[in-house]
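Chemist: Below you'll find the structure I mean.
Since every read-out is calculated from the coordinates, none of them should be taken as a lab result. Remember, predicted model here, so these are calculated numbers, not experimental data. Counting neighbours? That spans all protein chains shown, and the Cβs are built from the backbone with ideal geometry, glycine included.
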Amino acid sequence: MKSKKKKYAYKLAKKKEESFLLTKKSDQLLTTTDRLIYIYVIDTKTNKTIEVVNVSYEIKIEENWFTIQRYDSAHGYLHRHSRVSLDDEKETTTRESVKQKGDPKRWLTWAINDIQNNFFEYRRLFFKRSKIIDSFY
């Protein structure tokens, strides 16, 4: 069993180590009813991105925002979660057609670019699955 002094020293060292991690959040309005939000963790000592917490594409329907697609690297690799429909909050998860090579910084950049370049198609497919007419078009 560790002594109290050693336990305290370990906790202090761990806390000091964690204090170099910074979670950053940013958002971008793509249209008046579409937005991109991303959250990631950097190591402030090295300025290196170490985790993609969330890169999400959200749409505004009436007065509510809904996340319809998001990326994260929670399991050590980048993967996509897609909401089934407006009525069905379940998500499908896949690694298919998702950037796998590289590091978290490349994953973050790739996920942001993917949403920026493809959000109209993601929106169209979501509305189709939801069986509602998109007033945007």
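Chemist: Taking the inverse of the average 1/r across all pairs of different Cα atoms in region 24-136, what Kirkwood radius in Å do you get?
Modeler: It is 14.6 Å.
Chemist: Same structure again: How far, in nm, would the chain grow between THR109 and VAL84 when pulled straight, counting 0.36 nm per residue and subtracting the alpha carbon separation?
Modeler: Length gained between THR109 and VAL84: 6.5 nm.
Chemist: If we sort 22-32, 118-128 on the protection proxy, mean other Cβ atoms within 10 Å, highest first, what's the order?
Modeler: Packing order, densest peptide first, comes out as 118-128, 22-32.
Chemist: On a 32 Å Cα-Cα criterion, which of the cross-link pairs LYS48/LYS131; LYS24/LYS131; LYS60/LYS105; LYS25/LYS99; LYS99/LYS128 come out too long?
Modeler: Table pairs above 32 Å Cα-Cα are LYS48/LYS131; LYS24/LYS131.
Chemist: Please find the FRET efficiency linking LEU125 to LYS25, where r is the Cβ-Cβ separation and R0 is fixed at 30 Å, and quote it to the nearest 0.05.
Modeler: E(calc), rounded to 0.05, equals 0.70.
Chemist: In addition: Loop only by DSSP, 13 or fewer other Cβ within 10 Å of the Cβ. Give me the GluC sites (Glu not before Pro) in region 44-93 that pass, ordered by residue number.
Modeler: When the GluC sites (Glu not before Pro) of region 44-93 are filtered for loop state and at most 13 Cβ neighbours within 10 Å, GLU62, GLU63, GLU89 remain.
Chemist: Once the Cβ-Cβ distance between ASP43 and GLN100 is put in as r, and R0 is 22 Å, what FRET efficiency do you end up with, to the nearest 0.05?
Modeler: 0.50
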